[in-house]
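Note sheet for the following structure.
The values are calculated or read from the model by the stated rules, or taken from the named source; none is laboratory data. These figures come from a predicted structure and were not determined experimentally. Glycine also receives a Cβ, built like all others from the backbone with ideal geometry; neighbour counts cover every protein chain displayed. Just so you know, the surface numbers come from the protein's heavy atoms only, side chains and all, with ligands and any DNA or RNA stripped out. Shrake-Rupley method; radii C 1.70, N 1.55, O 1.52, S 1.80 Å.
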Amino acid sequence: MKENVILSFEDLDIRFSLRGQVLNAIRGVSLDVYRGESLAIVGESGSGKSVFTKSAIGLLDANGTIAGGHIWYNDKDLVTFRTEKEWLTIRGKEIAMVMQDPMTSLNPLIPVGDQILEAVVLHQGLRGAAAKRAAVEALRAVGIQEPERRYKQYPHEFSGGMRQRVVIAIAIACRPKILICDEPTTALDVTIQAQILDLIKELQQKLELTTIYITHDLGVVANVADRIAVMYAGDFVEVGRCEEVFYDPRHPYTWALLSSLPQLGVKGENLYSIRGTPPNLFYAVKGDAFAPRNPWALKIDYLKRPPYFQVSETHKARTWLLDPRAPKVDPPEHIRQLREKGGGRYA
Amino acid sequence: MPEKREKLVEVQNLTVTFGPRRRAFKAVDDVSFDIYKGETFGLVGESGSGKTTIGRAIIRVNPVAGGVVKYRGEVISGRVSRETDQRVIRNIQMVFQDPISSLNERAKVDYIVSEGLASIHKHMPEAERKERVAKALQDVGLLPEFASRFPHEFSGGQRQRIGIARALIMEPEFVIADEPISALDVSIRAQVLNLMSALQKERGLTYLFIAHDLSVVRFISDRIAVIYQGKLMELADSEQLFAHPLHPYTRALLSAIPMPDPVTERKKKLLVYDPAQNKYPANDPPLWEELEPGHFVRGSQREMDEYRKMLL
């Protein structure tokens, strides 16, 4: 493993068995997560982005198995873990997760302070008054006013944004190295969303965390991500630095995701929308999984899975359009505008 | 020109309260606006601001505590005749936020879509009903065969289309869409927004579009009203509102819109609205004034002067 890589996925295959059929949720995926970076995994629902990250903390559903590949963390292969005891050395302690819905990730019958206390006792080994002080500090660290008073309150006494702050407090109370945020703001208002993202960003710098965001909304991550990995049908189709993916996207699926954002839409005109539906992963995917929905698909897209083509040292995409022999295609209007915004620096 | 436009819905001094009278909570407090025929009127606010309650008061789900709602000049709030009630049911329809919980999971699409018809056309022949369902499904881009399936067999976007078909089969004139795309993926949002604008063009529908995300509301709405804690803060043409946001709350909302542009995003300064900056003494209630044509804002006399300066 390279020095600056903290978590490394190597040729990962994840399968689910459903009603006697096998679903290939993740299809031979490799990704390095760098120490201290903030990575955003972007994709539609069902693309496998949550399954992919959950595999790193041993939270796959019971019918899911890692069928191949490795997940390296500190020279340990997490794929070999079998018991809950092994996972508890990683989950929470090293890699913590903030789930989408703060309503369901908190226990409604326990005061929020005690829920944080549980994490403090388990992971920081503190007891009694010292543990309580650490829990109050955790509440203060996530920007909750009057933490001593709020400590004794129940989740229903908090607003949605405040609840999500409590969930984050629990996650960081374990002093993890990596924080996974699974759609941390989808259930929240736009104003609160911006505040929560700011908070996560601030904590990342203060605690030297590595953060992984999972989201379906590319618009949300421009502010917080250093790198972006776009997932489609259980595979990363494009990986690059934030500016590269926004100002010089290369995969037609990334084009489609960006073009369908209402922020870029022109009133009175139709928004770009992706036709068709994602492939059925119960069947083996032939060629490029996005080909049937891709207006720029080449013949070879239906036959052979494209390799990664390197656009720059940090930017790669899995599309035959980048092959030197492929015809030159013009990306849609919105993408050309984005390129101009980037000043052509990344094109 | 706005004077010439036909007012379809008039909301006048609407107040909606919850709870016992002595400790009533004002969810909507003295709200007034008009919706013109054929336009899309956006209502933006955070959760708990009362935006959904306004929608539900218009469609007669929540009783009003004060003020009136008029539809085509006729009062439809409070006690009304049975005919008026039927007319409201028929002409005003609602599309809900969550396409999973708003569809009866134990009923087939056929029943879900045509349930509304049964209440106004008690003796519609079965063949005609089936035909209307098939047409409604086709209008929203679904196959007529889907009528025999259950909601769980559909994706989120398809379910929201069923929700729209259910509203459209009544051939309404006015549709209240309450966060119709918040629960959907970005790529599906685009489809549903496109469908809504296509249907509006075809049938001359009028929409009340309720949402918390200003960027979506801007894309679809002709005019936007911003609501905070049950009170309207600002109302303007969408482009006007984006070009000259006056009220600090509107400016905070605008600053929170995530833009798909890393460079501007990183330079962006997030404004947080502090309601304490707009406290008004009881003997000097805030005004609601039109500072440029069609652009209304709430504030004290002193604030109005400041806002006027901002418009220069």
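Observations
- Test item: B:264-270 mean partner chain Cβ contacts at 10 Å: 4
- Karplus-derived 3J(HN,Hα) values for the stretch B:115-122, using 6.51 cos²θ - 1.76 cosθ + 1.60 with θ = phi - 60°, are 4, x, 4, 4, 7, 9, 10, 5 Hz; glycine and proline are entered as x.
- Put simply, the amide H of residue B:43, placed in the peptide plane, has neighbours under 5 Å in B:209, B:210, B:211, B:225, leaving out anything fewer than 5 places away on its chain.
- Fluctuation leader among A:269, A:333, A:146 - chain A, Gaussian network, Cα springs under 10 angstrom: A:269
- About the centre of its Cα atoms, the protein assembly as shown shows a dipole size close to 760 debye [charges on the beta carbon of Lys, Arg (+1) and Asp, Glu (-1) only; nearest 20 debye].
- Label sites at residue A:18 and residue B:283, each approximated as a point 7 angstrom past Cα along Cα to Cβ, lie 6.8 nm apart.
- To the nearest ten degrees, helix A:190-207 and the longest principal axis of the Cα atoms of chain A are 70 degrees apart.
- Taking the longest Cα principal axis of chain B as reference, the axis of helix B:82-91 is set at about 90 degrees.
- Which listed pairs, of A:206/B:51; A:299/A:328; B:7/B:231; A:2/A:206, have C-alpha distances above 26 Å, in listed order: A:206/B:51
- Whole-Å semi-axes of chain B's equivalent ellipsoid (Cα gyration tensor): 36, 24, 17
- Estimated FRET transfer efficiency (residue A:30, residue A:152; beta-carbon r; R0 60 Å; 0.05): 0.80
- Solution diffusion estimate, µm²/s, Stokes-Einstein, the stretch A:1-74, Kirkwood Rh from C-alpha pairs, 4 °C, viscosity 1.567 mPa s: 99 µm²/s
- With both labels modelled 7 Å from their Cα along Cα-to-Cβ, the residue A:270 to residue B:104 distance reads 3.4 nm.
- A versus B: buried accessible surface, summed, Å² (probe 1.4 Å, to nearest 100): 3300 Å²
- Helix-only [θ]222 nm of chain A, DSSP H runs n ≥ 4, -39500 (n - 2.57) each, per residue, nearest 500: -8500 deg cm²/dmol
- Value at 222 nm in deg cm²/dmol, rounded to 500, when DSSP H runs of n ≥ 4 in chain B each add -39,500 (n - 2.57): -11000 deg cm²/dmol
- Charge-dipole axis of the stretch B:97-239 as Lys and Arg at +1 and Asp and Glu at -1 on Cβ define it, positive-most pick from B:172, B:151, B:111: B:111
- Evaluated with a Cβ-only charge set (Lys, Arg +1; Asp, Glu -1), chain B carries a dipole of roughly 620 debye about its Cα centre, given to the nearest 20.
- 20 °C / 1.002 mPa s Stokes-Einstein diffusion coefficient of the stretch A:208-347, Kirkwood radius on C-alpha pairs, µm²/s: 135 µm²/s
- Residues in the stretch B:131-149 that a label on residue B:202 would reach, taking backbone N under 11 Å of a point 7 Å out along Cα→Cβ: B:135-142
- Mean Cβ neighbour count within 10 Å, used as a protection proxy, ranking A:83-89, A:185-191, A:14-20 highest first: A:185-191, A:14-20, A:83-89
- Counting Lys and Arg as +1 and Asp and Glu as -1 over every other residue whose Cβ lies under 13 Å from the Cβ of residue B:16, the net charge comes to +3.
- Kirkwood-based shape ratio for the stretch A:283-322, expressed as Rg/Rh from alpha carbons: 1.01
- Calculated FRET efficiency for the pair residue B:309/residue A:208, C-beta based, R₀ 45 Å, to 0.05: 0.45
- Residue B:66 long-range amide H proximity, modeled H, under 5 Å: B:15
- Using a Gaussian network model of chain B in which every pair of alpha carbons under 10 angstrom is joined by a spring, one finds that among B:279, B:201, B:108 the greatest mean-square fluctuation is at B:279.
- A straight chain from residue B:148 to residue B:85 at 0.36 nm per residue would run longer than the Cα-Cα distance by 19.6 nm.
- Fraction of antiparallel bridges per DSSP, the protein assembly as shown only, in percent to nearest 5: 60 percent
- Taking A:327, A:252, A:278 as the candidate residues, the one with maximal mean-square fluctuation in a Gaussian network model of chain A, Cα springs under 10 Å, is A:327.
- Virtual spin-label span in nm between residue A:314 and residue A:103, 7 Å along Cα→Cβ: 3.9 nm
- Averaged over the residues of A:238-246, the number of partner chain Cβ atoms lying within 10 Å of the residue Cβ comes to 2.
- Percent breakdown of C-alpha pair distances by 10 Å bin, ordered from the shortest bin, for the protein assembly as shown: 3, 14, 23, 25, 20, 11, 3, 0
- Ordering A:131, A:178, A:142 by Cα displacement along the dipole of the stretch A:46-185 toward the positive end leaves A:131 in first place; charges were set at the Cβ atoms of Lys, Arg (+1) and Asp, Glu (-1).
- Using Cβ point charges alone (K and R +1, D and E -1), the dipole size of the stretch A:17-92 about the Cα centre works out to roughly 160 debye.
- Using the alpha carbons alone, the radius of gyration of the stretch B:49-94 stands to its Kirkwood radius in an Rg to Rh ratio of 0.94.
- Occluded residues from the stretch B:224-256, i.e. those whose accessible area drops by 40 Å² or more once the chain is not alone (1.4 Å probe): B:256
- Degrees between helix B:126-139 axis and first principal axis of chain B (Cα, 0 to 90, nearest 10): 40 degrees
- Amide N of the stretch B:26-52 lying under 12 Å from the label point, which is placed 7 angstrom from the Cα of residue B:7 along Cα→Cβ: B:32-37
- For the stretch A:146-270, fraction of C-alpha pairs farther apart than 19 Å, in %: 57 percent
- For the protein assembly as shown, with +1 on Lys and Arg beta carbons and -1 on Asp and Glu, the positive-most of A:338, B:300, A:57 along the dipole: A:57
- Averaged over the residues of peptide A:96-104, the number of Cβ atoms from other protein chains lying within 10 Å of each residue's Cβ is 0.
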